[in-house]
Each structure stands twice: as structure tokens, then as C-alpha cells.
1. Every cysteine in the chain with no other Cys Cβ under 4.7 Å from its Cβ, please list them in numeric order.
2. Under a 1.4 Å probe, what is the accessible area of the chain per residue, stated in Å²?
3. What is the angle, in °, between the Cα long axis of helix 169-178 and the longest principal axis of the Cα atoms in the chain? Nearest 10 is fine, range 0 to 90.
4. For segment 287-393, state which GluC sites (Glu not before Pro) are in a DSSP loop and have at most 12 other beta carbons lying within 10 Å of their beta carbon.
5. Where Lys and Arg each count +1 and Asp and Glu each count -1, what net charge lies around V100 among other residues with Cβ under 14 Å from its Cβ?
6. Once the mean 1/r over all distinct Cα pairs of segment 157-220 is inverted, what Kirkwood radius in angstroms do you read off?
7. Give me the angle, in degrees from 0 to 90, between the Cα long axis of helix 379-391 and the longest principal axis of the Cα atoms of the chain, rounded to the nearest 10.
8. Could you give me the ³J(HN,Hα) list for segment 206-223, computed from phi with Karplus coefficients 6.51, -1.76, 1.60 and θ = phi - 60°, whole Hz, x at Gly and Pro?
Amino acid sequence: MNFREERITITHTADEYDKYLNAVVPPVFLNSLHLYDRFEDYLDAAENPCQEGKFVYGRDGNPTVHILERKIAKLEHGTRAVVFASGMGAAAAAIMATCVSGSHVVCMRDVYQPVKRFLNNFCIPRFGMKVTYVSGNDLDEVEAAMKQPNTSLMILESPATFVFRVVDLEAVTKLAHKYGVKTYIDNTCLTPLFQKPLDMGIDIVMHTMSKYIGGHSDIIGGVLTSKDEELMCRLITTVREWYASILGPMEAWLAIRGLRTLPVRVKEHQRIGLEVARYLEKQPKVKRVYYTGLESHPQAELIKKQQKGHTSLMSLELDASPEEAVKFINRLHLFGKGCSWGGYESLAIAPLYRAEQEELHFLQADRGLIRLYCGLEGSESLIDDLDRAFAGM
Ligand SMILES: *Cc1c(COP(=O)(O)O)cnc(C)c1O
């Protein structure tokens with residue numbers, strides 16, 4: 001992958017804003033409002049959102065934020081991107097914009113946990129919504145769920161965390177469109193560089209920019225991208241305005257800086273991820289490695305068809321108890337123990353250690369599952385660190 005088109009997009013999209021006083025990097029517009037010479041021009045801008053180059057108030061839009069939006073929209077092959085103060089802000093806005101009270105949502109079982117909590121603990125009890133969880137791989141199951149009345153939205157994540165299952169995005173979107181259901185995917189894991197879901201028919205793509213896009217563990221942010229102008233301009237932007245969840249200009253500027261090195265970083269993360277996964281697969285104390293880059297992945301063919309590359313996230317199961325898995329994690333020095341991922345630092349956690357039996361059964365995963373995030377310290381150092389942890393078993 002040389003990302004020829006993407007590298008140009010990253011630097012030259014929204015150039016007319018970028019070239020402020022010929023500065024080589026776009027400025028941070030730290031202003032809460034924009035002034036107009038005539039009241040009528042102000043009214044026109046205020047009453048017709050989404051007009052290019054017109055800004056009114058910082059809760060609705062900001063020039064630095066919009067530079068970022070235009071770059072991401074183009075990278076993702078969409079027409080419009082809307083950025084949020086966090087990935088969850090973006091996810092919640094997509095659900096609020098596509099559903100009404102009583103709506104039915106079809107959701108993959110292994111999507112990002114807080115999204116499920118938002119559905120289960122908020123949307124269902126407060127708005128009388130219904131949710132059917134599916135694996136995403138059984139198309140008959142997906143179709144049966146979509147036939148239920150008031151189905152508005154299908155929530156996808158591919159590859160999904162924990163066991164890195166992938167879903168046939170073209171097949172699922174084809175079904176969804178047959179039933180008039182909008183499709184949403186969390187594409188964070190692969191970035192706009194390694195997977196382009198809009199090209200496969202998905203309606204809304206979400207990324208948290210807190211991970212690879214920001215890339216330096218220093219911002220929280222999210223983004224939704226689509227080709228549906230009506231949805232983005234009338235609904236999603238309005239939800240962002242009312243929920244007051246726009247990204248700050250400083251964070252937008254940091255995300256733009258992150259984008260500049262994204263092609264270089266994801267390639268290196270992929271290289272390191274592959275080496276670590278291949279090493280893990282050979283370890284006698286490892287029962288299973290879950291990684292989309294391995295030839296042994298049960299869906300290798302589908303992965304090759306729809307992904308252009310791989311994340312540096314993976315999971316493994318040791319031939320040991322969950323308690324021993326925790327001891328293994330604690331013997332690692334280079335892998336920090338913490339949530340999140342996407343920055344320079346490698347991380348290791350047991351994300352399901354405290355999960356209930358019911359949840360484990362639901363996810364078909366083990367309590368001792370270890371998730372590794374490979375940062376940029378280098379595969380040799382990471383493998384040395386893992387070697388030491390295995391030696392202590
Ligand atoms: C972190 C994460 C989110 C949530 O993003 P925030 O910016 O923390 O709100 C959503 N999806 C995935 C896959 C994530 O890893």
C-alpha cells in the first residue's frame with residue numbers, strides 16, 4: 001500500500017482554508033462566533049447550515065474543525081464528515097439521528113461495549129426502542145431480525161474487538177437496503193486507509209479519533225462520514241448542535257496533525273502486528289491467536305476481499321487459567337496496562353476478566369482473553385518482552 005491518493009488528500013484537501021496567510025499548517029481558529037457586515041447575511045448563514053465557508057457560532061461549526069471534516073470525508077470516499085467531542089458522542093448522535101421512539105435496532109453482539117450499554121440502559125428504557133443482537137455472520141439471522149417492524153438501523157463493527165470476527169459488509173448492506181434499514185459501522189480499527197465501507201454500501205461510517213487518527217494518546221474525538229447529505233446536514237449536524245458535542249478547535253488541529261503521519265504509522269503498526277501475531281502463534285503456551293492478518297484466521301478470504309490492511313490489535317488465549325493470564329500481563333514491562341489504544345505505547349489488558357458468564361457466552365469468548373495493542377516500540381522489543389513473560393509461566 002503506498003496510499004498515493006490518500007497522501008495528497010491528507011495535505012491538500014481544504015487548502016483554501018489551510019493557506020491562511022500562506023502558513024504551512026492550518027491555523028487554530030479559537031473564536032466562538034463569526035461576524036457579518038449585513039444582518040441579512042448573518043441570517044442566511046444561520047438559517048441554512050452546511051453552506052461551504054459560512055460559520056455562525058462555535059457550537060455549530062468552526063473553520064479548523066471543518067478543515068478536518070473535509071479531509072476525513074474525502075479519505076473515506078464520503079461527501080460529508082461531522083466531527084464530535086468523542087467517538088461515543090459520534091455513535092450516540094448516529095443512533096439519535098436515525099431512530100425514533102419505538103425504533104428497532106439490529107446490533108452485532110461484539111460491538112464496542114459502551115454502545116451496547118447506551119442501547120440497553122438508555123435507548124430501550126427511555127425511548128421504548130428494541131434491540132436484536134446478532135452475530136453478523138449468519139445472514140438468515142440478520143434478515144429475520146431486519147424483518148421486525150420499525151427496524152431503522154443496523155450497527156456493525158468489522159473487525160470487532162475481542163475475537164476479531166469480520167462481517168461481509170457488502171452482503172449485509174444489500175440485505176439492509178432491501179428492508180430500508182440504514183447501516184452504521186465502527187471503522188476505527190482499520191482507519192479510513194485500510195477499509196472504505198462507504199464504497200461497499202454502508203450508510204454511516206464512524207471513527208473514534210482518540211485511537212489511530214489522533215495517534216499520540218493526547219486527544220478524545222470522533223467522526224461520522226456519509227454520502228447522505230440530507231442525513232448529515234439536517235439530522236446529524238443538528239443533533240451535534242443540540243447535544244453540544246462538537247470537537248474543540250485545538251483537538252481538531254491535533255487530529256489534522258495526526259492525519260499527516262497516519263499512512264506511515266498504520267503501515268508500521270501493521271508490520272509490527274503481523275510479526276507479533278506470527279510469533280504468538282508459535283508459542284506452545286498459546287491456545288489461540290485472534291488476528292485478521294494471520295493466514296489461519298477462519299475468514300481469511302473475506303478479509304482479503306474487503307480489507308486493505310490490518311490493525312495492530314489482537315487477542316490471545318493462553319493454555320492457562322484467567323488468573324494466570326493476569327499474572328502474564330503483569331510480567332510484561334513494555335506493554336502498559338491500560339484501556340484505549342492507537343498511540344505510540346503498547347498495551348495489554350484482559351478486557352473480559354470481570355465479565356459475567358452470560359456475557360462470555362454471548363460473546364463466545366474466554367474470561368482470560370488477553371488483548372494486545374502493538375504500539376511503535378518495535379517488534380523485536382515487544383517480542384523480547386513477551387518472551388520474558390512466557391518464561392515466567
Ligand atoms: C475507543 C473506542 C470507541 C469510543 O471512542 P471514544 O473517543 O473513547 O468515545 C469506539 N469504538 C472503538 C472501536 C473504540 O476502540
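The values are calculated or read from the model by the stated rules, or taken from the named source; none is laboratory data. All values derive from a computational prediction rather than experimental measurement. Don't worry about glycine lacking a Cβ; one is built from the backbone with ideal geometry, like all the others, and counts go over all protein chains shown. Side chains are part of the model used for accessible areas, which takes the heavy atoms of the whole protein and leaves out ligands, DNA and RNA. Shrake-Rupley method; radii C 1.70, N 1.55, O 1.52, S 1.80 Å.
1. C99, C107, C123, C189, C339, C374
2. 44 Å²
3. 50 degrees
4. E295, E356
5. Values: positive: R126, K130, K182; negative: none.
My count for the surroundings of V100 gives +3.
6. One decimal place: 12.5 Å for the Kirkwood radius.
7. Helix 379-391 sits roughly 40 degrees off the main axis of the chain.
8. 10, 9, 8, 8, 5, 9, 4, 4, x, x, 10, 6, 10, 9, 10, x, x, 8
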